[in-house]
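Here is the structure we will look at, set down as structure tokens.
The values are calculated or read from the model by the stated rules, or taken from the named source; none is laboratory data. Everything quoted here is computed from the prediction, not taken from an experiment. Positions of Cβ are generated from backbone atoms using ideal geometry, with glycine treated the same way; all protein chains shown enter the neighbour counts.
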Amino acid sequence: MPRRSPAALPAKSAVPAPPNFGLYAELHLHLGGAILPNILYARMQADRHPLLRRYCTYAAFERFFTRKRHDLADYLKMHKLVESLQRPADPHLFYYVTRLVRGAYLFDNLAYMELRHTPYNRTDEALPQAARIDQMRSVIEIIAAAAASQPRYPLIFSQILCMHTALPLEVNQAIVRLAADRHLRKHVCAVDLAGPNEAYKARAGEFVRLFRLARSLGIRTTAHLYETPAGCEPRLLPYLDRIGHGIQIPLRFPRLLPRLAKAGVCLEVCPTTYLRTGTLGDYTDLREVFNRCRHAGVPIAICTDNAGLHNVRLPGEYENLLVRDVIGVEHLGHCLANSFTHAFAWKGPVPEALRRISLPE
Ligand SMILES: [Zn+2]
């Protein structure tokens, strides 16, 4: 048989390689909860951090993160502590993000990650507010540079900037404007609203104006909303592309579901969080959430929220639901596909492997 000349061989580019091999897309992950406690503690020891006086053994440090929380406000204390360990952004934050990207690619099988944070909370607390606002830009740039410094682990990476319910209006406005900054747009895909739920009612008008501002600047939006009974604020709903959590909608306000389905709003459901905050008692309490959303045509993406602090990675969140029959394999496939379809910075189609998983059994 004659040998084919090199010219007759199909060009290598005829078969496009996938951008990477990951199966999962993470849409709801906080920088304050993404890093494993053992990585935080090792760094504290290397830096001889003053917090070692309070947590003189790793066991004591780990106990702080794993103890049962009274409610969401108590749970959020973990973020406050971790934020203090992630300052200054350079070199501390840079190091943590490199470890996060490596672990997500190697061990979590992630193709895509949206990492969210409140940039103001990583600035220097000793500075006046105006100077801290100016410093926010460098936080975003350092996180982007850290992710880009890991070409071995080529997951698609973007940032969501969180406004915060405990921050003043001027700071939240600056966060929205930063998300729209033309030099940062390639690093930032959306804005979010996070923080204790108690402020939602009193400041709802202010938050509506902030989301209107974001929309007017062409920024995609999500918000921590309908996570707990205190966080149910319908006035924000018309301004959101996705909802962080939103589980109280199918559980307590199912009449809102058709409106969300029509607008194509996706819920970012983070199963382990509801157990840690005491919002739900068991993973199986989510069965009603998934069933009602499925019947109403409201898409759900399964996320971790704080994979490091929970020590439950994204594949584990899917597995926890599957083995308890909260969802079946076909539904699991739909949720996996939703996480790519509703990702703010994923440009390609849903990976082919996921299409097969979501076929009827
Ligand atoms: Zn969250």
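Of all residues in region 206-233, those satisfying the criterion of being in contact with a strand residue (DSSP E or B) (Cβ under 9 Å, 6 or more places away or on another chain) and not hydrophobic (A, V, I, L, M, F, W, C) are 215, 220, 221, 222, 224, 226, 227, 228, 231, 233.
Determine which member of the set 268, 233 is within 12 Å of the ligand (Cβ to nearest atom), in contact (Cβ under 8 Å) with a residue 24 or more places away in the chain and not small (Gly, Ala, Ser). Don't jump to the end; show me each part of the working.
Numbers: 233 fails: within 12 Å of the ligand (Cβ to nearest atom).
After ruling out the rest, the residue left standing is 268.
Entry remark, region 62-89: residues being of a type in the set (A, V, I, L, M, F, W, C) and farther than 25 Å from residue 143 by Cα number 3 in total. Residues satisfying the criterion are present in region 246-254 (criterion: within 16 Å of the ligand (Cβ to nearest atom) and surrounded by fewer than 21 Cβ atoms within 10 Å (Cβ to Cβ)).
Looking only at residues in region 267-310 that are of a type in the set (S, T, N, Q) and out of contact with any Ser or Thr (no Cβ under 8 Å at 6 or more places or on another chain), which one is surrounded by the fewest Cβ atoms within 10 Å (Cβ to Cβ)? Even if it seems obvious, please write down each step before you answer.
Of all residues in region 267-310, those of a type in the set (S, T, N, Q) come to 272-273, 277, 279, 284, 291, 304, 306.
Now narrow it down to the ones that are out of contact with any Ser or Thr (no Cβ under 8 Å at 6 or more places or on another chain): 284, 291.
Working: 284: 12, 291: 14.
Looking at residues that are of a type in the set (S, T, N, Q) and out of contact with any Ser or Thr (no Cβ under 8 Å at 6 or more places or on another chain), I get 284.
Kindly establish whether residue 167 is outside any helix (DSSP H, G or I), modelled with pLDDT of 95 or more and of a type outside the set (Gly, Ala, Ser).
Numbers: outside any helix (DSSP H, G or I): yes; modelled with pLDDT of 95 or more: yes; of a type outside the set (Gly, Ala, Ser): yes.
Yes, satisfied.
Residue by residue, here is whether (1) among the hydroxyl-bearing types (Ser, Thr, Tyr); (2) touching a residue at least 60 places away in the same chain (Cβ under 8 Å); (3) surrounded by fewer than 20 Cβ atoms within 10 Å (Cβ to Cβ) holds:
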| residue | (1), (2), (3) |
| --- | --- |
| 131 | no, no, yes |
| 149 | yes, no, yes |
| 170 | no, no, yes |
| 174 | no, no, no |
| 177 | no, no, yes |
| 186 | no, no, yes |
| 203 | no, no, yes |
| 211 | no, no, no |
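Do we have residue 57 as more than 20 Å from the chain's Cα centre (by Cα) and at pLDDT 85 or above here? Answer is yes for this residue. Under 6 Å between Cβ atoms, which residue pairs at least 6 apart in sequence (or on different chains) link something in region 271-293 that is modelled with pLDDT of 95 or more with a partner that is of a type in the set (S, T, N, Q) and part of a helix (DSSP H, G or I)? Cβ pairs passing all conditions: 283/320. Inclusion of residue 239 among residues that are more than 16 Å from the ligand (Cβ to nearest atom), within 22 Å of the chain's Cα centre (by Cα) and touching a residue at least 24 places away in the same chain (Cβ under 8 Å) is warranted.
Within region 288-307, is even one residue under 27 Å from residue 195 (Cα atoms), assigned to a loop (DSSP other than H, G, I, E, B) and among the acidic types (Asp, Glu)? No, there is no match, as no residue in region 288-307 is under 27 Å from residue 195 (Cα atoms), assigned to a loop (DSSP other than H, G, I, E, B) and among the acidic types (Asp, Glu). Being surrounded by 14 or more Cβ atoms within 10 Å (Cβ to Cβ) and on the phi > 0 side of the Ramachandran plot, is that true of even one residue in region 156-166? For region 156-166, residues surrounded by 14 or more Cβ atoms within 10 Å (Cβ to Cβ) and on the phi > 0 side of the Ramachandran plot: absent. Return yes when residue 142 is away from the ligand (no atom under 16 Å from the Cβ), closer than 26 Å to residue 241 by Cα and either without any contact (Cβ under 8 Å) to a residue 24 or more places away in the chain or within 20 Å of the chain's Cα centre (by Cα) (or both) and no when it is not. Criteria not met by residue 142.
Take the conditions (1) part of a helix (DSSP H, G or I); (2) surrounded by fewer than 20 Cβ atoms within 10 Å (Cβ to Cβ); residue 41 misses just one of them, which is (2). The set of residues from region 187-202 being at pLDDT below 95, in a loop (DSSP other than H, G, I, E, B) and on the phi < 0 side of the Ramachandran plot comprises 196, 197, 198.
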